[in-house]
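The values are calculated or read from the model by the stated rules, or taken from the named source; none is laboratory data. Predicted model, so just to flag it, every value in this text is computed and none were measured. Positions of Cβ are generated from backbone atoms using ideal geometry, with glycine treated the same way; all protein chains shown enter the neighbour counts.
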Amino acid sequence: MESSKKILWVDDEIDLLRPHLRLLEQKGYQVDTAANGEDAVEMVKTKGYDLVFLDEMMPGMGGLQTLSAMKNISPTLPVVMVTKSETESLMEEAIGSKITDYLVKPVNPSQILMACKKILEAKKISGAQVSRDYIKEFQNINLTLSTPLAEEDWIDLYLKVTNWDMELDAHPEIGLRQTLQDQKRECNAEFGKFVERNYHRWIEDSKRPIMLSPDIVERCVIPELNEHTSVFFFVIDCLRLDQWLIMEELLAEYFTFHKQYYFSILPTATPYARNAIFSGYFPIEIEKQFPDLWSSEDDHDENSRNRFEHQLIDKLLERKRIQLKPESKYIKILDAEFGRQFEGNILSYTKSRLTSVVVNFVDMLAHGRSDSALLKEIAPDEAAYRSLTRSWFQHSSLFGMLKTLATQKNVKIILTTDHGSVRCMRGSKVIGDREASANLRFKFGRNLKVDSKQAVFVKSPIEYKLPRGSVTTNYVMAKEDYFFVYPTEYNKYLSQYRDSFQHGGISMEEMILPIVKFEPK
């Protein structure tokens, strides 16, 4: 094995360790030795080392004192403490001083070699294993795509692809990111065909094989309501599965999770999908029952169509003959300041049997990245977008709320999202009149024309249980990673919106979504 890693071994009985030193040298490591702490500190100061083995019991400057001096010089230097003592207090003191590992004498050569590999070569070894495993999985996924898939199969496939996406975040050096992106694009192409073939059946069949947006409250929230429980129903706008997995990792210290998955209705956009969640209705039924929500086909303001979510869920509970005392609560968090205020008051809401909380930050992050050169610089790809999600969530009021609720015995938490988002990389030319909606992944209006390979054309909105508007209103929804661009100034808008996160169309990222029930630990 070729290696340029440099090791310093500090022990006042260094001559007794010659067999260990020879083994490390045979394995390609460069090994220097020191017989006391003073010399060791000076060597760390003048030479660069990748790893130090440090004896805890030495005359003069002891091991812990030497460790402290080394860390002052090189805070990130890995140090393995080697000692005869197994006392708990010494172990805790050494760990508190930021040692990397701890070995108890007598140590054998294989222990030393294992410590070196774990500290110095773990990333390289695990990267090689990840590469082998993914190549095998790549072939399995391709084989799976060549067979007929049911709804649950697509969920399993998307979970696999997403987990591999996140696994490769830790190993950019193995160079498989583009291979995975190409495979994900192929999966989305087949998924789009699958949705086209089956969507009509899902929305017409009350015994459909998967949950859709209108099913969530009835199947997942209502069963948790009882006189002795306070239910918090969180809906995070535009949360993708990979972003949830980031949150799950941070929340695992406080909760165990029971996860299900559902498919968002089309279009995968807030006025349609989130209203469907809170109402238990498809959009055409919302238009019929609550016409003020869909008062005009010219109403393109998405936020205005989500003003009635509290009323919608109350009407749904009323239809199901569920009476809550005290009545249900509804909170929409649009900015950090209000989020902090709600976080500080959240325990007062445990007196209510149902509190619905809508969190808009992730949606604002997705849209903000499209418009901000700074955000695009911070999050240039999906791996960085996940990293940005982690940073937000760690410091968010939402994290604080959930940690506070984890301390409460009679609280149930259900968390989901209305839709995800997809990273749009390809433009699709669309033709429409001036009154067509401005969305990039779906549009409604008159005289819409688009390439059928790149989008679904909905001639009759009623067939998709969508508001009809006028007789001539059509919808188009982009497939895969396409986004709509008008022929006028095509290149300008293609450049402006390429590589942005959008929603409203048909992709695994937008449609396959988690529903999670939390159990405090």
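Could you list, ordered by first residue, the pairs with Cβ atoms under 6 Å in which the first is in the range 322-333 and closer than 16 Å to Leu347 by Cα and the second is small (Gly, Ala, Ser) and outside any strand (DSSP E or B), at least 6 apart or interchain?
Listed pairs, sorted by first residue: Pro326/Ser352; Lys329/Ser352.
Could you list, in sequence order, all residues of the range 286-301 that are more than 32 Å from the chain's Cα centre (by Cα) and either at pLDDT 80 or above or under 21 Å from Val357 (Cβ atoms) (or both)? Write out each step before concluding.
So the first thing to find is which residues in the range 286-301 are more than 32 Å from the chain's Cα centre (by Cα), and the list is 287-292, 294-299.
Correct list: Glu287, Lys288, Gln289, Phe290, Pro291.
Only residues that are buried (at least 20 other Cβ atoms within 10 Å of the Cβ) and among the polar types (S, T, N, Q): list them for the range 397-436, please.
Passing the criteria: Ser397, Thr416, Thr417, Ser421, Ser428.
For residues that are among the basic types (Lys, Arg) and touching a residue at least 24 places away in the same chain (Cβ under 8 Å), scanning just the range 22-62, find the one that is surrounded by the fewest Cβ atoms within 10 Å (Cβ to Cβ).
The selected residue is Lys47.
Do the conditions hold for Glu337, that is, is it farther than 30 Å from Phe282 by Cα, without any contact (Cβ under 8 Å) to a residue 12 or more places away in the chain and loosely packed, with under 14 Cβ neighbours inside 10 Å?
yes
Given the criterion of a type outside the set (Lys, Arg) and in contact with a Phe, Trp or Tyr (Cβ under 7 Å, 6 or more places away or on another chain), identify the matching residue among Ile141, Ile125, Ile135, Ile155.
One residue alone meets the criteria, Ile155.
Can Phe361 be described as exposed (fewer than 14 other Cβ atoms within 10 Å of the Cβ) and closer than 29 Å to Val231 by Cβ? Give the steps one after another, and end with the answer.
On the way: exposed (fewer than 14 other Cβ atoms within 10 Å of the Cβ): no; closer than 29 Å to Val231 by Cβ: yes.
Answer is no for this residue.
Looking at the range 226-238 only, could you name the residues that are surrounded by 19 or more Cβ atoms within 10 Å (Cβ to Cβ) and either over 20 Å from Met477 (Cβ atoms) or free of Cβ contacts under 8 Å to residues at least 12 places away in the same chain (or both)?
Selection gives Ser230, Val231, Phe232, Phe233, Phe234, Val235, Ile236.
Regarding the range 161-178, can at least one residue be identified that is surrounded by fewer than 16 Cβ atoms within 10 Å (Cβ to Cβ), out of contact with any helix residue (DSSP H, G or I) (no Cβ under 9 Å at 6 or more places or on another chain) and small (Gly, Ala, Ser)?
There is no residue in the range 161-178 that is surrounded by fewer than 16 Cβ atoms within 10 Å (Cβ to Cβ), out of contact with any helix residue (DSSP H, G or I) (no Cβ under 9 Å at 6 or more places or on another chain) and small (Gly, Ala, Ser).
Enumerate the strands (runs of 3 or more DSSP E) found wholly within the range 416-483, keeping only those where 1 or more residues are without any contact (Cβ under 8 Å) to a residue 60 or more places away in the chain.
Because the criterion is at least 1 residues that are without any contact (Cβ under 8 Å) to a residue 60 or more places away in the chain, the strands (runs of 3 or more DSSP E) in the range 416-483 that meet it are 426-431, 442-445, 455-458, 474-478.
Quickly run through the range 95-114 and pick out the residues that are of a type outside the set (A, V, I, L, M, F, W, C) and either at pLDDT 85 or above or surrounded by 14 or more Cβ atoms within 10 Å (Cβ to Cβ) (or both).
Within the range 95-114, Ser97, Lys98, Thr100, Asp101, Tyr102, Lys105, Pro106, Asn108, Pro109, Ser110, Gln111 meet the criteria.
Taking the range 430-451 as the search range and keeping residues that are of a type in the set (Gly, Ala, Ser) and in contact with a strand residue (DSSP E or B) (Cβ under 8 Å, 6 or more places away or on another chain), which one is farthest from Glu510 (Cα to Cα)?
Gly432
Under 25 Å from Tyr464 (Cα atoms), touching a Lys or Arg at 6+ places or on another chain (Cβ under 6 Å) and surrounded by 22 or more Cβ atoms within 10 Å (Cβ to Cβ): is that true of Pro214 in this structure?
no
Report, by residue number, each residue of the range 325-338 that is modelled with pLDDT under 95 and within 10 Å of Arg353 (Cα to Cα).
Lys325, Pro326, Glu327
If a residue counts only when it is among the hydrophobic types (A, V, I, L, M, F, W, C), which helices (runs of 4 or more DSSP H) contained entirely in the range 221-294 have at least 3 such residues?
Numbers: elements: 241-251, 270-279, 283-289.
Filter on the range 221-294 gives 241-251, 270-279.
Tell me which residues, restricted to the range 377-395, are surrounded by 17 or more Cβ atoms within 10 Å (Cβ to Cβ) and of a type outside the set (A, V, I, L, M, F, W, C).
Matches in the range 377-395: Glu382, Tyr385, Arg386, Thr389.
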